[in-house]
Amino acid sequence: HTYANPGVLITPEVLDKTTGQTWDALVDANPWLKQQKLVAKPDQLIKRRGKAGLIAVNKSYSEAKDWVMERMCKEQKVETVTGQLTHFLVEPLVPHQQDEEFYICLHSLRYYDEVLFYHEGGVDVGDVDAKAERLQLPTGTAISMAAVTEKLLGKVPAAKKENLASFIVSLYKFYQDLHFAYLEINPLVMLADNTVVPLDMAAKLDETASFLCAQKWGEVDWPPPFG
């Protein structure tokens, strides 16, 4: 019940026609760029990009390209931090309704992991620490669909509960297996056919687990910091 959502990373190489990453080369490798509406945004550990006007939605290829190029390697102030925008993601637009958006966050504390879930998501989700439902999982405790449904999904429509619970259980197992320390998806979209689409994610890996997970991680491309 997941959605294969391709995307492409745009770097400053597009400013130099002698490099391998030109816009023409990107289109050749990703023909969907010209076949559907797109979303463009920086990929530089910037939180609340939507509120900062740093997400372009429902754009054609030429509009998304122009939006990226207008900002590439330019200074931008986000809240109190000023820095250069150098890395962007361009992804397919996933049409959906506001009531199909959810929020989920997994994070690890000293003696337990915690799952935070809220039945609304998106840029206006607000203070999730104050209002999210919580499920604490002491070290060594297995997660179950029953616990997820009871503790987290009380305000989710009944027709979505089973698939959403199944996704959260699988997500937590993935989180454990790859030794994440933090993983937030906002919004997490569940479409009318129960397809699950993580539209925006931020995560932290536990680098001390490299000796356990290096092969599973593969070549990790760490996003550049902003500011």
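Bear in mind these aren't lab numbers, they're just calculated from the coordinates by the rules spelled out. Every value quoted in this text rests on a predicted model; they were computed, and no experiment measured them. Virtual Cβ from ideal backbone geometry, glycine too; neighbours counted across all protein chains shown.
In deg cm²/dmol, rounded to 500, what helix-only [θ] at 222 nm does the chain give when every DSSP H run of at least 4 residues adds -39500 (n - 2.57) and the total is split over its residues?
-7500 deg cm²/dmol
Using 0.36 nm per residue, how much length does the chain from Ala159 to Ile55 gain when fully extended, once their Cα-Cα distance is taken away?
34.3 nm
Just rank Trp67, Trp217, fewest to most, by other beta-carbon atoms within 10 angstrom.
Least to most surrounded, the residues fall as Trp217, Trp67.
Can you tell me the FRET efficiency between Leu93 and Thr11 if r is taken as the Cβ-Cβ distance and R0 is 25 Å, rounded to the nearest 0.05?
E(calc), rounded to 0.05, equals 0.70.
What's the long-distance tail for the chain, i.e. % of Cα pairs beyond 21 Å?
Here the long-distance tail beyond 21 Å is 61 percent of all Cα pairs in the chain.
How big is segment 1-129 along each principal axis, measuring the range of its Cα positions in Å and listing the largest first?
51, 37, 27
Looking at the chain as a GNM with Cα springs under 10 Å, which of Cys213, Cys105, Cys73 has the largest mean-square fluctuation?
Sorting by GNM fluctuation, first place goes to Cys213.
Within segment 58-76, which residues have the backbone N less than 14 Å from the label spot 7 Å out from Trp23 along Cα→beta-carbon, could you tell me?
60-72
So which residue, out of Tyr182, Tyr61, Tyr111, gets the largest mean-square fluctuation from a GNM of the chain using Cα contacts under 10 Å as springs?
Among Tyr182, Tyr61, Tyr111, the largest GNM mean-square fluctuation belongs to Tyr111.
Name the long-range amide H neighbours of Val78: under 5 Å, sequence gap of 5 or more, or other chain; modelled H, no Pro or chain starts.
When sequence neighbours closer than 5 places are left aside, the close amide H contacts are Gly83.
Please compare each pair in Lys51/Lys77; Lys41/Lys77; Lys151/Lys204; Lys37/Lys74; Lys41/Lys173; Lys151/Lys216 to a cut-off of 20 Å on the Cα-Cα distance and tell me which ones are over it.
Lys151/Lys204; Lys37/Lys74; Lys41/Lys173; Lys151/Lys216
Using only C-alpha atoms and all pairs of different ones, pull out the Kirkwood radius for segment 98-213 in Å with one decimal.
Here the Kirkwood hydrodynamic radius works out to 14.5 Å.
So if we plug the beta-carbon distance of Glu79 and Lys131 into 1/(1 + (r/R0)^6) with R0 = 22 Å, what FRET efficiency do we get, rounded to 0.05?
Efficiency at R0 = 22 Å is approximately 0.50.
For the chain, modelled as a GNM with alpha-carbon contacts under 10 angstrom, which of Lys151, Lys51, Lys17 fluctuates the most?
Evaluated over the chain, the most mobile residue of the options is Lys17.
Could you check the spin-label model distance between Ser144 and Glu207? Points 7 Å from the Cα along Cα→Cβ, value in nm.
Result for the modelled spin labels: 3.9 nm.
Using the count of nearby Cβ atoms within 10 Å as a rough guide to exposure, how do Phe211, Phe226, Phe88, Phe174 rank from fewest to most?
Ordered from fewest to most neighbouring Cβ atoms within 10 Å, Phe211, Phe226, Phe88, Phe174 come out as Phe211, Phe174, Phe226, Phe88.
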